[in-house]
């Protein structure tokens with residue numbers, strides 16, 4: 001009997017990652033290609049080409065799961081707009097199903113990263129968790145009873161737009177001031193550094209420092225770098241405390257590019273989390289780093305297929 005596989009696709013603003021995943025959630029092959037920006041039909045054709053490139057026979061494929069950077073109409077797999085890739089009013093599920101002749105399921109990329117971490121990563125063996133993804137922006141996926149919690153209009157998990165600093169004058173891309181995204185994202189850290197240097201702060205850092213530069217400078221004792229990380233940890237710890245108080249997850253997983261700082265960020269974040277939380281919440285909530293890194297979306301997209309096909 002032939003082995004059966006899931007096709008997991010993670011659509012990003014820069015690249016498309018596709019993986020062949022077995023029924024145990026293990027990736028057996030991976031492929032990557034640049035994302036054709038603002039070219040929807042070309043991207044659909046690229047999906048088809050990448051699937052064909054795997055060499056897996058069609059009768060071995062159980063279905064295709066796709067994670068996208070934006071809101072998805074869960075009912076029909078259509079998308080109103082994806083700013084990062086330049087799409088508007090597209091019917092991704094229907095269009096790709098016609099091309100590949102397989103079931104296709106679509107969801108938000110942060111939701112699928114959370115699902116992936118629950119299945120094979122830092123949340124393995126758990127039924128309830130929250131996965132925070134911190135990169136250029138901030139997103140999250142909420143898993144309850146091993147399923148993605150979408151909430152009204154699939155809006156659950158948009159923690160990047162929690163108002164965390166109501167007195168802030170920093171405007172978020174969403175149009176509000178004081179969002180979590182303006183305090184803890186990679187963009188926020190880089191902007192903090194730039195403002196400080198322009199204000200005359202002495203530092204080892206260049207004005208165009210990356211987050212990697214900031215973490216490396218902190219390890220060398222640079223006061224500005226340490227201040228930036230402390231600010232990030234403070235607001236992240238506060239947000240996680242609020243999330244844990246409302247949802248009481250078994251574990252909170254921190255992923256995304258900024259999480260690569262490891263203990264340098266995790267340790268102070270946990271200290272602030274404990275400061276802002278009740279004793280019971282602090283005791284019962286684990287905060288850990290993600291394990292799957294760039295594979296989380298692929299694994300989560302595959303699990304999405306498994307869950308949908310089981311209905």
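Within the range 112-124, is even one residue surrounded by fewer than 16 Cβ atoms within 10 Å (Cβ to Cβ) and out of contact with any helix residue (DSSP H, G or I) (no Cβ under 6 Å at 6 or more places or on another chain)?
Yes, the range 112-124 has at least one match.
Can you find a residue that is in contact with a helix residue (DSSP H, G or I) (Cβ under 9 Å, 6 or more places away or on another chain), at pLDDT below 95, on the phi > 0 side of the Ramachandran plot and surrounded by fewer than 19 Cβ atoms within 10 Å (Cβ to Cβ) anywhere in the range 252-261?
Looking for residues that are in contact with a helix residue (DSSP H, G or I) (Cβ under 9 Å, 6 or more places away or on another chain), at pLDDT below 95, on the phi > 0 side of the Ramachandran plot and surrounded by fewer than 19 Cβ atoms within 10 Å (Cβ to Cβ), one finds none in the range 252-261, hence no.
Among the listed residues 156, 140, identify the single one that is in a strand (DSSP E or B) and closer than 17 Å to residue 246 by Cα.
140
Can you find even one residue in the range 196-208 that is touching a residue at least 12 places away in the same chain (Cβ under 8 Å) and within 25 Å of residue 288 (Cα to Cα)?
no
Picking from 75, 81, 57, which residue would you name as being at pLDDT below 95, within 30 Å of residue 174 (Cβ to Cβ) and out of contact with any strand residue (DSSP E or B) (no Cβ under 8 Å at 6 or more places or on another chain)?
One residue alone meets the criteria, 75.
Quick check on my filter: what residues within the range 273-307 are surrounded by fewer than 20 Cβ atoms within 10 Å (Cβ to Cβ) and over 21 Å from the mean Cα position of the chain (by Cα)?
Scanning the range 273-307 gives 274, 275, 276, 278, 279, 280, 281, 282, 283, 284.
Limited to the range 213-238, what total is found for residues that are within 24 Å of the chain's Cα centre (by Cα) and in contact (Cβ under 8 Å) with a residue 24 or more places away in the chain?
Here the count works out to 13.
Let's see how each residue does on (1) surrounded by 13 or more Cβ atoms within 10 Å (Cβ to Cβ); (2) outside any loop (DSSP other than H, G, I, E, B):
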site: 16; (1), (2): yes, yes
site: 21; (1), (2): yes, yes
site: 25; (1), (2): yes, no
site: 38; (1), (2): no, no
site: 46; (1), (2): yes, yes
site: 59; (1), (2): no, yes
site: 64; (1), (2): yes, yes
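Quick one: would you say residue 288 is closer than 25 Å to residue 112 by Cβ and part of a helix (DSSP H, G or I)?
Criteria not met by residue 288.
One line per residue, one yes/no per condition, for (1) within 17 Å of residue 185 (Cα to Cα); (2) without any contact (Cβ under 8 Å) to a residue 60 or more places away in the chain:
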position: 92; (1), (2): no, yes
position: 96; (1), (2): no, yes
position: 99; (1), (2): no, yes
position: 102; (1), (2): no, no
position: 114; (1), (2): no, no
position: 134; (1), (2): yes, no
position: 145; (1), (2): no, yes
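When you go through 102, 92, 126 one by one, which is the residue that is touching a strand residue (DSSP E or B) at 6+ places or on another chain (Cβ under 9 Å) and within 18 Å of residue 287 (Cβ to Cβ)?
Being touching a strand residue (DSSP E or B) at 6+ places or on another chain (Cβ under 9 Å) and within 18 Å of residue 287 (Cβ to Cβ) holds for just one of 102, 92, 126, which is 126.
For the range 87-111, give me each residue that is in a helix (DSSP H, G or I), under 28 Å from residue 162 (Cβ atoms) and in contact with a helix residue (DSSP H, G or I) (Cβ under 6 Å, 6 or more places away or on another chain).
Matches in the range 87-111: 109 only.
Answer yes if at least one residue in the range 153-160 is touching a residue at least 60 places away in the same chain (Cβ under 8 Å), assigned by TED's automatic domain parsing to the domain that holds residue 228 and either in contact with a strand residue (DSSP E or B) (Cβ under 6 Å, 6 or more places away or on another chain) or within 19 Å of residue 27 (Cβ to Cβ) (or both), and no otherwise.
Checking the range 153-160: at least one residue is touching a residue at least 60 places away in the same chain (Cβ under 8 Å), assigned by TED's automatic domain parsing to the domain that holds residue 228 and either in contact with a strand residue (DSSP E or B) (Cβ under 6 Å, 6 or more places away or on another chain) or within 19 Å of residue 27 (Cβ to Cβ) (or both).
When you look at residue 206, is it assigned to a loop (DSSP other than H, G, I, E, B) and touching a strand residue (DSSP E or B) at 6+ places or on another chain (Cβ under 9 Å), yes or no?
For residue 206, the condition - assigned to a loop (DSSP other than H, G, I, E, B) and touching a strand residue (DSSP E or B) at 6+ places or on another chain (Cβ under 9 Å) - is not met.
The values are calculated or read from the model by the stated rules, or taken from the named source; none is laboratory data. Note that the coordinates shown come from a computational prediction; the quantities given were computed from them, not determined experimentally. Neighbour counts are summed over all protein chains in view; Cβ atoms, including those assigned to glycine, are modelled from backbone coordinates with ideal geometry.
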